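J.: Below: one structure in structure tokens.
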Amino acid sequence: MNVLTVPNWSFGRERNLLRHVIDRLEEHVGEVHYSQADIDHNRTVTAFSGEPEEVEKTLLDLARLILPSINLQRHSGCHPRIGGLDVCPFIPTSRDFDEDTFAVWIESVAKKFAEEFEVPTFLYEKSERGTHASDLPTLRKGGFGGLLARELNPDFGPNKAHPYLGATVMGWREFLIAFNINFQSEDLESVQRIAHKIRALRREKDPRYIGVRALGFALPSQGLVQVSMNVTQPDKTPLDPIVESVTFMADKYGLHNGYVQLIGVIRDVDVEHSVLVPFRPEQVIVTRQGASA
């Protein structure tokens, strides 16, 4: 069985640490698809895949490398977060896997992580046990600060947030595509209005925005504003119509020449509907039977 994981870490301004992360990834896993930091989000997204045992070993080794450098009480960044390892999804990329075995493996990884780092760990999406809300936006509500004064009910680990590392969300989820459209501007209000409109269109069942989550951010160190999106149902929602629609809306607000940025990975089956989304070859996850990289 081949497993993809996309851990999101709450650091993005320590270049030496990022270099060590890249070196550690290259030492371990079968394939490294993505490892990139953002200063304004103060966040690093990694994506790698391999056999479950190797993915588990790599993830825990990265956590030992990264987490001692994180203190969320001194952390600032525009991206919502509740943990040093904020979210860590697992996605099977091959058809030859047993669902029960995969679910048990994920719970084992989450338990080991929670015990070693003393971090409350919540299972989400398809791993959720019915003890709490399973979607990420709900679990993140209130952010890191909102965790500190509360008694928690995690699936593993202590019932109090770690004072520096908060809490972590792990689990088996369906494949999603994360991408941004960036504009050379300081007009945060306009990208927030666009994101609000996208969310409204999703609720109205607009076919262009089925399963699309959107937020607007300012990236002041880069002189940019950003519409950040997660496409949670890419089988129903191709990317090119989203890009065209957001670009049209942005044009009305005087935001021109936006450029698209893929965060993490994309499946080979999505590529033909993503002409407007640039990517590197290593970001493509092969899912077609018999296909080659």
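J.: What pairs from Lys141/Lys252; Lys197/Lys236; Lys111/Lys236; Lys112/Lys160 go past 22 Å between their alpha carbons?
T.: Values: Lys141/Lys252 31 Å; Lys197/Lys236 19 Å; Lys111/Lys236 34 Å; Lys112/Lys160 17 Å.
Table pairs above 22 Å Cα-Cα are Lys141/Lys252; Lys111/Lys236.
J.: Pulled fully out, how much extra length does the chain show between Asp98 and Lys111, if you take 0.36 nm times their separation in residues and subtract their Cα-Cα distance?
T.: Gain on stretching Asp98 to Lys111: 2.7 nm.
J.: If one puts a single equal scatterer on every Cα of the chain and applies the Debye formula without solvent, what log₁₀ I(q)/I(0) results at q = 0.13 Å⁻¹?
T.: -0.93
J.: Turning to a different aspect of this structure: Please report, to two decimal places, log10 I(q)/I(0) for segment 177-285 at q = 0.11 Å⁻¹ as given by the Debye formula with identical point scatterers on the Cα atoms and no solvent.
T.: -0.31
J.: Report, by chain and number, residues whose modeled amide H sits under 5 Å from the one on Val265, excluding near sequence neighbours (fewer than 5 apart, same chain).
T.: Ala178
J.: Using only DSSP helix segments of four residues or longer, with each worth -39500 (n - 2.57), what per-residue ellipticity at 222 nm results for the chain after dividing by its residue count and rounding to 500?
T.: -9500 deg cm²/dmol
J.: For segment 34-124, what is one quarter of the convex hull surface built on the Cα atoms, given in nm²?
T.: Quarter of the Cα hull surface area: 6.5 nm².
J.: Of Gln184, Asn8, Val286, which is farthest on the positive side of the dipole of the chain, counting Cα position, with +1 on Lys and Arg Cβ, -1 on Asp and Glu Cβ, and the Cα centre as origin?
T.: In the chain, that residue is Gln184.
J.: For Val169, what residues show an amide H to amide H distance below 5 Å, using hydrogens built from the backbone and excluding near sequence neighbours?
T.: Val87, Cys88, Phe122
J.: At q = 0.10, 0.16 Å⁻¹, what is the log10 ratio I(q)/I(0) for segment 3-172, with the Debye formula run over Cα points and no solvent?
T.: -0.34, -0.90
J.: Give me the net charge of Gly223's neighbourhood, meaning all other residues with Cβ under 15 Å from the Cβ of Gly223; Lys, Arg count +1, Asp, Glu -1.
T.: That works out to -4.
J.: Give a residue-ordered list of calculated ³J(HN,Hα) values for segment 83-92 (Karplus: 6.51 cos²θ - 1.76 cosθ + 1.60, θ = phi - 60°; whole Hz; x for Gly, Pro).
T.: 3J(HN,Hα) across segment 83-92, in whole Hz: x, x, 8, 6, 8, 9, x, 10, 9, x.
J.: Using the Kirkwood formula over every pair of different C-alpha atoms, what hydrodynamic radius in Å results for segment 100-193?
T.: One over the average 1/r among Cα pairs gives 15.0 Å for segment 100-193.
J.: Could I ask something else about it? So what's the gap between the Cα centers of segment 213-287 and segment 152-206, to the nearest angstrom?
T.: Going from one Cα centre to the other spans 15 Å.
J.: Enter the Cα centre distance for the pair segment 120-146 and segment 37-98, rounded to the nearest angstrom.
T.: Using only Cα atoms to place each centre, the spacing works out to 16 Å.
J.: Would you work out the charge dipole size for the chain about its Cα centre, treating the Cβ of every Lys and Arg as +1 and the Cβ of every Asp and Glu as -1, and quote it to the nearest 20 debye?
T.: 1060
J.: Right, here's the next one. Would you mind counting up the charge near Leu165? Only other residues with Cβ under 13 Å from its Cβ, with Lys and Arg at +1 and Asp and Glu at -1. Numbers along the way, then the final one.
T.: Values: positive: Arg64, Arg74, Arg81, Lys160; negative: Asp86, Glu116, Glu118.
Net charge around Leu165: +1.
J.: What is the set of long-range amide H partners of Arg81 at a cut-off below 5 Å, with H atoms built 1.01 Å from backbone N?
T.: For Arg81, the qualifying residues are Phe144.
Coordinate-derived values only; no laboratory data. Nothing here was measured: the structure is a model prediction, and the numbers come from that model. Quick reminder, even Gly has a Cβ in these numbers, built from the backbone with ideal geometry, and neighbours come from all protein chains shown.
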